[in-house]
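Engineer: To start, I am sharing the structure in question, which I have written as structure tokens.
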Amino acid sequence: MHFDLADLRLFIHVAESPSLTQGARRAHLSPAAASARIKALEAQLDSRLLYRDSRGVELTPAGKKLLQHARLVLRQVDYLKGEFTRYGADSAGHIRIFANTTAVTEFLPEILAGFLAQRPGVTVDLQERLSRDIVRGVLDGSTDLGIIAGPVQAQGLEVLHFSTDRLVLAVPVDHPLASEPRVDLGRTLAYQHIGLHEGSTLLTFLRDQVDKLGATLSLRIQLSSFEAVCRMIEAGVGIGIIPESAARRHSRTMRLALVELDEPWAIRERSVLVRELDALPGSVRALIAALVPGST
């Protein structure tokens, strides 16, 4: 059985697009040519790969399996190219990162700025994802590395710890809870919360904890950054649970009171997830070394 890399790349484009037409456009092919190639691939595998209808395309079970393998094959090809690039072992390549909200908004931009400034041949695709999607992405090869907070329950991954943070409650300085040394999650639910946007890792995590209490999280407004959340809290709009690192930074310029959360899950270990560190291209290992000194 012979696979054409161009056909595998086309299949990935189609699978990641809402329609065959858009997938074909990403592959710089006409829809007719793309359709013919997909049909030839289906004939070679003797399996239907896509359901086609007026709304677009949907992967069949066989298509989902092929997508997983195609991503791994092409990622390995990219790794091979990166190892032999004229720029050097760690100075060129494309890195895809799946990370949680805190990483994307708080510390990764600064780390990536310095890393990319020194490596003009490197490009990065940084995507905010939920924890379960980060783990799944590393396992199936759809991302080079994942950055996550909290325990990791997955076999087949290398987990590289690089820092510890904790979640705290941020309230206005004159709030009834401001003088408390610590509070549990249940007590905070009597007040309206300021939260991050839908789909953010932290909001999803907090909702899971609230659900375990059989309670409801009352959100007054949802915002896209911890700075915006803190400004709303300072103005007395509500209270919020955010990482201590972000809370302390913004409390230097805003009138906020930080209260310890009396919950075992408030302390969060940050980790980098990879499938096999030694098999990664030089550019990815160099970024991991910037995140986790001494790891490579």
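Engineer: Net charge near MET232: determine it from the other residues with C-beta under 14 Å of the C-beta of MET232, scoring Lys and Arg +1 and Asp and Glu -1.
Structural biologist: Working: positive: ARG220, ARG231, ARG255; negative: GLU227, GLU234.
In short, +1.
Engineer: Can you tell me the 0 to 90 degree angle between the C-alpha axis of helix 282-291 and the longest principal axis of the chain, rounded to 10?
Structural biologist: Helix 282-291 sits roughly 10 degrees off the main axis of the chain.
Engineer: Can you report the principal axis dimensions of region 110-246 using only the alpha carbons, biggest first, rounded to whole angstrom?
Structural biologist: Principal-axis extents of region 110-246 (Cα, largest first): 52, 35, 26 Å.
Engineer: Now for a separate question. By per-residue mean of other Cβ atoms within 10 Å, what is the highest-first order of 179-187, 287-295? Write down the numbers at each step before the final one.
Structural biologist: Details: 179-187: 14.1, 287-295: 16.4.
Taking the mean over residues of other Cβ atoms within 10 Å, the ranking is 287-295, 179-187.
Engineer: Note the angle between two axes, namely the Cα long axis of helix 31-45 and the longest principal axis of the Cα atoms of the chain, as a number of degrees from 0 to 90, rounded to the nearest 10.
Structural biologist: 80 degrees
Engineer: Could you work out the local net charge near LEU223, counting Lys and Arg as +1, Asp and Glu as -1, over the other residues with Cβ closer than 15 Å to its Cβ?
Structural biologist: Net charge in that neighbourhood comes out at -3.
Engineer: Could you order peptides 277-283, 259-265, 165-171 by the average number of other Cβ atoms within 10 Å of their residues, highest first? Can you show the working numbers first?
Structural biologist: Working: 277-283: 18.6, 259-265: 15.9, 165-171: 23.6.
Ranked by mean Cβ neighbours within 10 Å, highest first: 165-171, 277-283, 259-265.
Engineer: Can you give me the angle between helix 5-15 and the longest principal axis of the chain, using Cα atoms only, in degrees from 0 to 90, rounded to the nearest 10?
Structural biologist: Once rounded, the angle reads 40 degrees.
Engineer: What aspartates and glutamates does LYS212 reach when the alpha-carbon gap must be under 17 Å and sequence neighbours fewer than 8 apart in one chain are set aside?
Structural biologist: Within the straight-line cut-off, LYS212 pairs with ASP184, ASP262, GLU263.
Engineer: Sticking with this one: Distance between Cα centroids, region 44-61 to region 106-184: provide it in whole Å.
Structural biologist: Using only Cα atoms to place each centre, the spacing works out to 35 Å.
Engineer: Counting only DSSP beta bridges with both residues in the chain, tell me the antiparallel percent, nearest 5. Present the calculation step by step, with values, prior to reporting the outcome.
Structural biologist: Numbers: 25 of 43 bridges.
Approximately 60 percent, going by the DSSP bridge assignments.
Engineer: A follow-up question, please. Starting from the Cα of LYS64, draw a straight line to each of the aspartates and glutamates and keep only those under 17 Å, dropping any in the same chain fewer than 8 residues away.
Structural biologist: ASP7, GLU16, GLU42, ASP46, ASP133, ASP140
Engineer: Just add up the charged neighbours of ASP7: K/R +1, D/E -1, any other residue whose Cβ is under 13 Å from the Cβ of ASP7. If you can, show how the numbers build up before the last one.
Structural biologist: On the way: positive: ARG9, ARG37, LYS39; negative: ASP4, GLU42.
Charge balance in the 13 Å sphere: +1.
Engineer: Out of the DSSP beta bridges found with both residues in region 165-266, what percent are antiparallel (nearest 5)? Numbers along the way, then the final one.
Structural biologist: Numbers: 9 of 16 bridges.
About 55 percent, rounded to the nearest 5.
Engineer: Now, a different point. Per the Kirkwood treatment, what hydrodynamic radius in Å, one decimal, follows for the chain from the mean inverse distance over all distinct Cα pairs? Don't skip to the end; give the middle numbers.
Structural biologist: Numbers: mean 1/r = 0.0464 Å⁻¹.
Roughly 21.5 Å, rounded to one decimal.
Engineer: Let's test this: bin the Cα-Cα distances of region 165-266 at 10 Å from zero up to the farthest pair and state each bin's percent.
Structural biologist: P(r) over region 165-266, rounded to whole percents: 17, 56, 27, 1.
None of the figures in this text is laboratory data; all of them are computed from the coordinates on show. All of these numbers come straight from a predicted model, not from anything done at the bench. Neighbour counts are summed over all protein chains in view; Cβ atoms, including those assigned to glycine, are modelled from backbone coordinates with ideal geometry.
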